[in-house]
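In what follows, a single structure is set out as structure tokens and then discussed.
Only the coordinates and a few stated rules stand behind these numbers; no lab work does. Quick caveat: nothing in here was measured; it's all calculated off a predicted structure. In this analysis, Cβ positions are derived from the backbone assuming ideal geometry, glycine residues included, and neighbour counts consider all displayed protein chains.
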Amino acid sequence: MSDVIGQLLQDNNMPDTPTARAIYRKMLERDDTQVYRKPWVGLTDEEYQQILIQHDGAGLLAFYNLVETKLKEKNI
């Protein structure tokens, strides 16, 4: 595990001190693996264009709702 700690210290530009090693050792011993969400997906230019066509001058609130709906679809 010390080779792993040394690599972590180097990768994170941390000084190789006993305190830093102890902190990284504790971090490696913890078993609290987090489940990460998938990355945020934005709209493509084509999707924005399609929303603008759908919007057809119906007002800013309607445009906002169309964009929000499309983003929610892509990020569920």
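Given R₀ = 35 Å, what would the calculated FRET efficiency be for Leu60 paired with Trp40, taking r from the Cβ atoms and rounding to 0.05?
Efficiency at R0 = 35 Å is approximately 0.90.
Apply the Karplus curve 6.51 cos²θ - 1.76 cosθ + 1.60, θ = phi - 60°, to the phi angles in the stretch 4-14 and return the couplings in whole Hz, x for Gly and Pro.
5, 4, x, 5, 4, 4, 5, 4, 9, 6, 9
Per residue of the chain, what 222 nm ellipticity follows from adding -39500 (n - 2.57) for every DSSP H run with n ≥ 4, rounded to the nearest 500?
About -19500 deg cm²/dmol.
Write down the Kirkwood hydrodynamic radius of the chain, to one decimal in angstroms, obtained as one divided by the mean of 1/r over all alpha carbon pairs.
It is 16.6 Å.
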